[in-house]
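Right, one structure below, let's go through it.
The values are calculated or read from the model by the stated rules, or taken from the named source; none is laboratory data. In this text the structure is predicted, and so the values were computed from the model without any measurement. Here the Cβ is made from the backbone with ideal geometry for all residues, glycine too, and neighbour counts use every protein chain on show.
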Amino acid sequence: MRAENVSDADFNDLLWIMAQESAGIVNTRNHASTARGLFQLLRAQYGLNPRGEASFGDAKEECQGGIRYIDGRYHSAHSARSFWQYHHWY
């Protein structure tokens, strides 16, 4: 969170999203799609990780990619969580 300048207030929402997406398992894969990692980024978003696809397996870098995705699409972890709770995906 510090590496991505995310407020401590976003911690619980980020943790909740990660729990839904990967149960906190680093480098987890969805075998029905290209989704991968703690925040289940799709192949099109792998570049959001600091080292792209090579970041998978590194918890910190997977979090950075997830935070960048959430910030770019939803502008806040709270908004991403609200979307997820309504749609059961984000």
Checklist entry - Restricting attention to the stretch 1-27, and to residues there that are among the polar types (S, T, N, Q) and more than 12 Å from the chain's Cα centre (by Cα), which single residue is nearest to SER79 (Cα to Cα)? => result ASN12
Checklist entry - So which residues in the stretch 40-67 are part of a helix (DSSP H, G or I), without any contact (Cβ under 8 Å) to a residue 24 or more places away in the chain and under 15 Å from ARG2 (Cα atoms)? => result GLU61
Item to check | So SER7, is it among the polar types (S, T, N, Q) and at pLDDT below 95 | outcome: yes
Item to check | Restricting the stretch 28-42 to residues that are over 9 Å from the mean Cα position of the chain (by Cα) and of a type outside the set (A, V, I, L, M), the residue that is nearest to GLN64 (Cα to Cα) | outcome: ARG36
Next on the checklist: Name the residue that is nearest to ASP58 (Cα to Cα), counting only residues in the stretch 1-39 that are aliphatic (A, V, I, L, M) and part of a helix (DSSP H, G or I).
Outcome noted: MET18
Checklist entry - So is ALA32 touching a residue at least 12 places away in the same chain (Cβ under 8 Å), of a type outside the set (Val, Ile, Thr) and surrounded by fewer than 18 Cβ atoms within 10 Å (Cβ to Cβ) or not? => result no
Checklist entry - Within the stretch 68-84, is there a residue that is closer than 17 Å to SER22 by Cα, assigned to a helix (DSSP H, G or I), in contact (Cβ under 8 Å) with a residue 24 or more places away in the chain and in contact with a strand residue (DSSP E or B) (Cβ under 7 Å, 6 or more places away or on another chain)? => result yes
